[in-house]
1. All but one of (1) under 25 Å from Trp169 (Cα atoms); (2) aliphatic (A, V, I, L, M); (3) away from the ligand (no atom under 16 Å from the Cβ) hold for Leu31; which doesn't?
2. I'd like the full set of residues that are open to solvent by less than 30 Å² (accessible area, probe 1.4 Å), assigned to a strand (DSSP E or B) and more than 30 Å from Gly103 (Cβ to Cβ), limited to the stretch 18-75.
3. Is it the case that Ile189 is more than 16 Å from Arg4 (Cα to Cα), under 19 Å from the mean Cα position of the chain (by Cα) and either open to solvent by 10 Å² or more (accessible area, probe 1.4 Å) or of a type in the set (Phe, Trp, Tyr) (or both)?
4. Just give me the residues in the stretch 215-236 being closer than 20 Å to His96 by Cβ and either open to solvent by 60 Å² or more (accessible area, probe 1.4 Å) or among the acidic types (Asp, Glu) (or both), in sequence order.
5. Considering only residues that are modelled with pLDDT of 95 or more, crowded, with 17+ Cβ neighbours inside 10 Å and of a type outside the set (Lys, Arg), which ones fall in the stretch 199-214?
6. Would you check if there is a residue in the stretch 158-165 being within 16 Å of the ligand (Cβ to nearest atom), under 15 Å from the mean Cα position of the chain (by Cα) and not hydrophobic (A, V, I, L, M, F, W, C)?
7. Which count do you get for residues in the stretch 213-254 that are farther than 20 Å from Lys35 by Cβ, away from the ligand (no atom under 12 Å from the Cβ) and either in contact with a Gly (Cβ under 8 Å, 6 or more places away or on another chain) or touching a residue at least 24 places away in the same chain (Cβ under 8 Å) (or both)?
8. Can you find a residue in the stretch 138-159 that is modelled with pLDDT of 95 or more, touching a Ser or Thr at 6+ places or on another chain (Cβ under 8 Å) and open to solvent by less than 20 Å² (accessible area, probe 1.4 Å)?
Amino acid sequence: MERRYIILANWKMNPETEKEALTLARAYKNLDVPKGIEFGALVPLPYARPIAKLWGRNKMLLGLQNINSEKSGAFTGEVSFAMLKPWTPKLVIVGHSERRAIGETDAEVNQKVLRALKENVTPIICVGEKVRDDHGFFLRTVEDSLKACLASVPKSAYPSIIIAYEPVWAISSNGGREMLPAECHEMMIFIRKVIADMLGGNKNMPRVIYGGSVNELNSREYLESGADGLLPGHASLDPKKMQKLFNSLAPIQK
Ligand code: PEP
């Protein structure tokens, strides 16, 4: 079955109030999304339920930005999938660089991936180097992280996973430059090669998407350079920008 492109908005710790979050979610509902695209948002936990209610059976995908890998226990301040039932998110992003910066490790990401898969939730695994070097050591960083995050994940589960390549230096809040489409192309090939080697072939491949200063001006180029989808952060808080981003992609077919 042909897969569609997927665009996932990472709202991060925004907006400040539930009222604003619902306004944004309502605006998302009214966006004109091209046919070949699946669209969703990764929202702060307190907004997830009201947005789920608002979106109802709408085809939009709703996801979280973190979850604990255990069902319950002595984990002060944490939230488990079990607590969200009967509502279950469609997706959860794990290993985002902003969470890694406050201590999340590949080993913890791996446990979250295994838990998400058990709960039929799609894990979006973020990997990406902090800086680049001329000798390609950053490739090893990405490879090691991928392998650690995917440890003991059954091969049959790989198609239910999304890998998000997000070079930390290209994230807008870090103030770096945008990644070039040619660099994105190389990384898509590299990541797929690492995974194909792990799988022993290119069956059961996960989707590999790109995130880092994605906007209405560069989205099409990133998709044309081989990404299966995009993860806009800052731009996703402005529905007008999101509409422009979708307009820049239409018509599109994978
Ligand atoms: C992100 O941090 O997930 C992200 C992609 O942010 P931005 O688009 O703002 O660079």
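1. Exception for Leu31: condition (1).
2. Across the stretch 18-75, the qualifying residues are Ile37, Phe39.
3. Yes.
4. Asp228, His234, listed by residue number.
5. Met205, Pro206, Val208, Ile209, Tyr210, Gly211, Gly212, Ser213, Val214
6. The first filter runs over the stretch 158-165 and keeps only residues within 16 Å of the ligand (Cβ to nearest atom), leaving 162-165.
Those still in the list that are under 15 Å from the mean Cα position of the chain (by Cα) too: 162-165.
Now restrict to residues that are not hydrophobic (A, V, I, L, M, F, W, C): 165.
Yes - at least one qualifying residue is present in the stretch 158-165.
7. Residues flagged as farther than 20 Å from Lys35 by Cβ, away from the ligand (no atom under 12 Å from the Cβ) and either in contact with a Gly (Cβ under 8 Å, 6 or more places away or on another chain) or touching a residue at least 24 places away in the same chain (Cβ under 8 Å) (or both) within the stretch 213-254 amount to 4.
8. No, the stretch 138-159 contains no residue that is modelled with pLDDT of 95 or more, touching a Ser or Thr at 6+ places or on another chain (Cβ under 8 Å) and open to solvent by less than 20 Å² (accessible area, probe 1.4 Å).
The values are calculated or read from the model by the stated rules, or taken from the named source; none is laboratory data. Everything numeric in this text was worked out from a predicted model, so none of it was measured. All Cβ positions, even for glycine, are placed from backbone atoms using ideal geometry, and neighbour counts span all protein chains on display. To get the accessible areas, we keep the full protein, side chains included, count just its heavy atoms, and leave off ligands, DNA and RNA. Shrake-Rupley method; radii C 1.70, N 1.55, O 1.52, S 1.80 Å.
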